[in-house]
Amino acid sequence: MVTHNMLRILAYHRIAELEETPAGACPNISATPKGFLRQAQHLAGHYRCVSMPEVLDAIERNRPLPKRAVLITFDDAYRDFAEVAWPILRQFRLPATLFVPTAYPDRPELAFWWDRLYQAFVGTAQTVLRKSPLGALALATPDQKRRALLALVQRVPTMAFDEAMELVNAVCDQLVEGPPRGADVLSWNQLRELARDGVTLGSHTRTHPIMTQIPADRVRSEISGSQQDLKREIGMALPIFCYPNGDQNDNVREILRAEGISLGFTVLSGENRLDSADLLRLNRTCIWPRTSLPVFWMRLQRAGLHLDSWRQKLQSPVVTHPSARTEISFE
């Protein structure tokens, strides 16, 4: 077992300009390009960013990681990773892992549920959502739209997945006509190119369900199916897995273990001591648009990691999806 081996893990989603987010895109942005550039520069100057294979090798061979080791991860495989984030990371020679929901590449008709809701709220001319599990919701002003959308985004992860998707369908059907714009996800050709360029690709399920809200047989198929997709399209699949929305429990982790997964990534805050951590419940520091460089510096400090963890424990239940944590504007 590795001894005294602390690993910081950063979690990002999208890197984009907040004011230039397309009307049909969910504003689950972690940082602007300028902000991310400053964060990458700080990491390059003050930390040792390690790759996922290095982490797996250190655990398998009982070898210590470098001091001040940081692992950079991105969820959902949006196109702006290749267009914005990876060129910046490559500029500073920083490795990264991209977690892919493997049903979405090359499927333009598919859209993430949070994107669908945001598109519907942006595109609607209606002033009230009459049927919802929260009752009628006013949409007459930008602030009312924002509040209604956030309420629904927070509700969806608490529901059984199929029921939640029925809710999303019903809300979108009430607000807009026509099919949603598909998810802006990288294609398999683009993902293969990134893999050749040094990006580690990892499993983020196939269809991005909340793992604690689906039956055990579907948990298994989402894990095994995503691994099979990566092996077929990329040629390999490391034994790593990122929980959608960060949600997991003992049952999900046992299935993950049975499927041969070695590392599981949550969005719980805190440090990871690889000599004592539950490797299927690794903590990650989620980055948000308000994470200025001084805040970024602080959150990477050990005291900052503990503060993040303490603050998160005070928030119950914790809604971790970026859609529910990011400012949404309909102005």
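Before moving on, here are some points about what is shown:
- Residue in the stretch 207-222 that is within 19 Å of residue 52 (Cα to Cα), touching a helix residue (DSSP H, G or I) at 6+ places or on another chain (Cβ under 9 Å) and buried (at least 17 other Cβ atoms within 10 Å of the Cβ) present: no
- Counting the residues of the stretch 157-179 that are surrounded by fewer than 17 Cβ atoms within 10 Å (Cβ to Cβ) and aliphatic (A, V, I, L, M) gives 4.
- Among residues of the stretch 249-299 being part of a strand (DSSP E or B) and not small (Gly, Ala, Ser), the one that is surrounded by the fewest Cβ atoms within 10 Å (Cβ to Cβ) is 273.
- Screening 152, 167, 191 for residues that are of a type outside the set (Gly, Ala, Ser) and modelled with pLDDT of 95 or more leaves exactly one candidate, 191.
- From 70, 84, residue being under 22 Å from the mean Cα position of the chain (by Cα) and assigned to a strand (DSSP E or B): 70
- Test: residue in the stretch 136-156 that is surrounded by fewer than 21 Cβ atoms within 10 Å (Cβ to Cβ), touching a Leu at 6+ places or on another chain (Cβ under 6 Å) and under 30 Å from residue 91 (Cα atoms): no
- 3 or more residues in contact with a Ser or Thr (Cβ under 9 Å, 6 or more places away or on another chain) and not β-branched (Val, Ile, Thr): qualifying helices (runs of 4 or more DSSP H) within the stretch 141-226: 142-155, 161-175
- Restricting attention to the stretch 97-150, the residues that are within 30 Å of residue 189 (Cα to Cα) and among the β-branched types (Val, Ile, Thr) add up to 3.
The values are calculated or read from the model by the stated rules, or taken from the named source; none is laboratory data. Predicted, not measured: the structure shown is a model, and the values here were computed from it. Because the Cβ atoms are built from the backbone with ideal geometry, glycine has one as well, and the counts that use them run over all protein chains shown.
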